[in-house]
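Presented below is the structure to which this report refers.
Throughout, read-outs are computed from the coordinates displayed, never taken from laboratory work. Predicted, not measured: the structure shown is a model, and the values here were computed from it. Heads up, the Cβs are rebuilt from the backbone with ideal geometry, glycines too, and the neighbour counts pull from every protein chain shown.
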Amino acid sequence: MDMFANLIVFLLLIAVIGGFVYLIYKIVLLSRKKLTGDFKRIGDKYGVELEPGDIKYYKRKKNAVLRGKINGHDFVCTTYCVGRNEKTKVEWTEFIFQHDLNMGGYHLRLTGDNVLKKMKKRLDASQETGIEIGAQDFDKQFLIQSENRSTTCSILNPAIRTQLLTIPVNGYFGTLLIDGNELSYKIPHELNHDINTSKHFETALAASVLMLDALKGVYK
């Protein structure tokens, strides 16, 4: 009798473990499906294609997820991971535009502001790289690093500022960089990190498209 009872307990334990493993498997599948859907929605909106294969965040090598042209500019959206273990790893989502404008060395780095960055802004200001553009709400929310205030003011026009200001700097706004022949933006999260990550990433993409138009207006 004891042996039969032990067998029943063992089988129940196996069933519980199996059910738990299956539940985790379904959650992972749903998460992957949502992730693919988020990227596909962006691709469909801008007419760029999903790259074949799985979306990978666990590799250091950048994994192209979307690729094509947006408004005549080469575009690629990638995922990758940095860090040596679970405690230190950071999963990144990034897009890069290529353009052929001759900007004469113009550089812009835009990040969300916080106390530490404000201290850095004051230090950079003495080196003429941390600037303010005269839009109080925007200057308060973002750390703007550039050596050309006039061009930066033209690029960060009211329409673009309005879009970027909708992205909360804590947890959602990443790093926007204009350097050489590239405009890039990246966030330290998977695109399906939470219900708002994809929405704010798309807002940054829309603003970047407008920024490329603004750049073209400055560097004709």
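A few comments on the model shown:
- Surrounding net charge for residue 220, when Lys and Arg each add one and Asp and Glu each subtract one, Cβ distance under 14 Å: -1
- Net length gained if the chain between residue 213 and residue 12 were fully extended (0.36 nm per residue, minus Cα distance): 66.0 nm
- Long-range HN-HN contacts of residue 144 with modeled amide H, under 5 Å: 131
- Restraint check, 199/220; 62/216; 34/87; 34/199; 40/62; 33/89, Cα-Cα greater than 21 Å: 199/220; 62/216; 34/87; 33/89
- Local charge for residue 49 was computed over the other residues whose Cβ lies under 14 Å away, with Lys and Arg +1 and Asp and Glu -1, and equals +2.
- Nonlocal amide H pairs with residue 93, under 5 Å, H built at 1.01 Å: 187, 189
- Residue 67 versus residue 170: modelled label distance in nm, points set 7 Å from Cα along the beta carbon direction: 4.0 nm
- Packing-based exposure ordering (other Cβ within 10 Å, fewest first) of 156, 50, 12: 12, 50, 156
- Once both labels are positioned 7 Å from their Cα atoms along Cα-to-Cβ, the gap between residue 150 and residue 162 label points is 2.7 nm.
- Charge tally for residue 203 (other residues, Cβ to Cβ under 14 Å; Lys, Arg +1; Asp, Glu -1): +2.
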